[in-house]
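The structure appears right after this line, and notes come after that.
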Amino acid sequence: MSITFTVNKLLKLLDSFSPFARTEEWDNTGLLVGDGQREVRGILLALDPTEDLLAECQAHQCNTIITHHPLIFKPLSQLRPDLPPGRLLFTAVHQGINIIACHTNLDVVPGGVSEALALRLGLHNLQVLHPTAPPPADDREGIGFGRIGELTEPIGGDDFLARLLTALELEAAPVAGPLPAMVRKVAVCGGSGSDLAAAAHRAGADIYVSGEIKHAVARWAEMEEFCLVDAGHYHSENPIIEGLTARLARELAAAGHDLPVLSSRRQQSPFRLHKK
């Protein structure tokens, strides 16, 4: 006899490795739309909650979405079907789609956003760049934002950039500060990580990879002769989606739950390169 897998059970599973208690005070995570008692028929994961994602969810006959970025972030002053995000909320409720967000709680934990980026770039011996809590007793890596690690063997700066562009499926990436001749120690922070650039420099990183690097921080990097790579918010965070999808699929299968767990194949960065 199969046991019904509900939204509440999914939340409990997510909480077991990405505790919602780790969410920053300014953030909004957990079940944002839907019913905890509802049966989960299929799960679709993506970075951003969008109308196209809702359509993709229905196309796969799923009824639950997990995104990194929350659909409801700031308090809503109005809820209207003709304006975003109200339009998405109305559509999700009408179609019976549950929407869950794992944001900063997924940023800080082992196996989270920055670790996924670090592993995609081939780093090992990972440590937390900016700790926010002592490490769990069974884990040396710790809790916090960003990661710093090492390549198996040093490679040239140009070779590292080529690896990064391929790994993150980028055509190009802005670079500030001098590109080091050789790269061994690399710091990363998926998403908007300007605030950790100085920490990466202090930690002895040869290069720092993040997204949405601020202009003033790029100028600081020039003066410090420290190399920053802006891989973009979307591309520096998106590696977590593949890893999280695989983990959920594996754990649900082990528990005997036969339901689809999919990564979005439609979602892309909201930005595109316009070439001359």
Scan the stretch 1-52 for residues that are of a type outside the set (D, E, K, R) and free of Cβ contacts under 8 Å to residues at least 24 places away in the same chain and jot them down. Met1, Ser16, Trp26
Within the stretch 235-276, of all residues that are within 19 Å of Thr6 (Cα to Cα) and among the β-branched types (Val, Ile, Thr), the one surrounded by the fewest Cβ atoms within 10 Å (Cβ to Cβ) is Thr245
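Between Arg38, Arg80, which is closer than 17 Å to Val261 by Cβ and surrounded by fewer than 19 Cβ atoms within 10 Å (Cβ to Cβ)?
Numbers: Arg80 fails: closer than 17 Å to Val261 by Cβ.
When all the criteria are applied, what remains is Arg38.
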Tell me which of these Leu117 doesn't satisfy, since it passes every other one: (1) assigned to a loop (DSSP other than H, G, I, E, B); (2) modelled with pLDDT of 95 or more. (1)
Just checking, how many residues over the stretch 61-72 are in contact with a strand residue (DSSP E or B) (Cβ under 9 Å, 6 or more places away or on another chain) and farther than 23 Å from Tyr234 by Cα? 2
Please identify the pairs in which a residue from the stretch 81-96 that is within 15 Å of Asn63 (Cβ to Cβ) and assigned by TED's automatic domain parsing to the domain that holds Cys62 has its Cβ atom under 9 Å from the Cβ atom of a residue that is among the basic types (Lys, Arg) and assigned to a loop (DSSP other than H, G, I, E, B), counting only partners at least 6 apart or on another chain. Gly96/Arg38
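Of the residues that sit in the stretch 237-276 and are touching a Leu at 6+ places or on another chain (Cβ under 7 Å) and acidic (Asp, Glu), which one is nearest to Ser192 (Cα to Cα)? Give the derivation first.
Kept after step one, since they are touching a Leu at 6+ places or on another chain (Cβ under 7 Å), are these residues of the stretch 237-276: 237-241, 244-245, 251-252, 259, 261-264, 267.
Filter once more, keeping what is acidic (Asp, Glu): 237, 251.
Values: Glu237: 9, Glu251: 30 Å.
Going through the qualifying residues, I end up with Glu237.
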Of all residues in the stretch 222-234, which are assigned to a helix (DSSP H, G or I) and either of a type in the set (Phe, Trp, Tyr) or surrounded by 24 or more Cβ atoms within 10 Å (Cβ to Cβ) (or both)? Tyr234
Got a sec? Which of Pro75, Pro85, Pro81, Pro110 is touching a Lys or Arg at 6+ places or on another chain (Cβ under 6 Å) and over 14 Å from Glu237 (Cβ atoms)? Pro81
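Let's see how each residue does on (1) surrounded by fewer than 19 Cβ atoms within 10 Å (Cβ to Cβ); (2) touching a residue at least 24 places away in the same chain (Cβ under 8 Å); (3) in contact with a helix residue (DSSP H, G or I) (Cβ under 7 Å, 6 or more places away or on another chain):
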position	(1), (2), (3)
His103	no, yes, no
Pro131	yes, no, no
Gly146	no, yes, yes
Gly149	no, yes, yes
Ala162	yes, no, no
Ala167	yes, yes, yes
Leu170	yes, yes, yes
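Out of all the residues in the stretch 25-35, is one or more modelled with pLDDT of 95 or more, under 19 Å from the mean Cα position of the chain (by Cα), outside the structural domain of Ser192 (by TED's automatic domain parsing) and of a type in the set (Asp, Glu)? Give the derivation first.
Going residue by residue through the stretch 25-35, those that are modelled with pLDDT of 95 or more are 25-35.
From what is left, the residues that are under 19 Å from the mean Cα position of the chain (by Cα) are 25-32.
Pick out the ones that are also outside the structural domain of Ser192 (by TED's automatic domain parsing) and you get 25-32.
Subsequent filtering for residues that are of a type in the set (Asp, Glu) retains 25, 27.
Looking for residues that are modelled with pLDDT of 95 or more, under 19 Å from the mean Cα position of the chain (by Cα), outside the structural domain of Ser192 (by TED's automatic domain parsing) and of a type in the set (Asp, Glu), one finds at least one in the stretch 25-35, hence yes.
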Of the conditions (1) under 22 Å from Asp107 (Cα atoms); (2) modelled with pLDDT of 95 or more, the single one that Lys74 does not satisfy is (2)
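The values are calculated or read from the model by the stated rules, or taken from the named source; none is laboratory data. Every value quoted in this text rests on a predicted model; they were computed, and no experiment measured them. Glycine also receives a Cβ, built like all others from the backbone with ideal geometry; neighbour counts cover every protein chain displayed.
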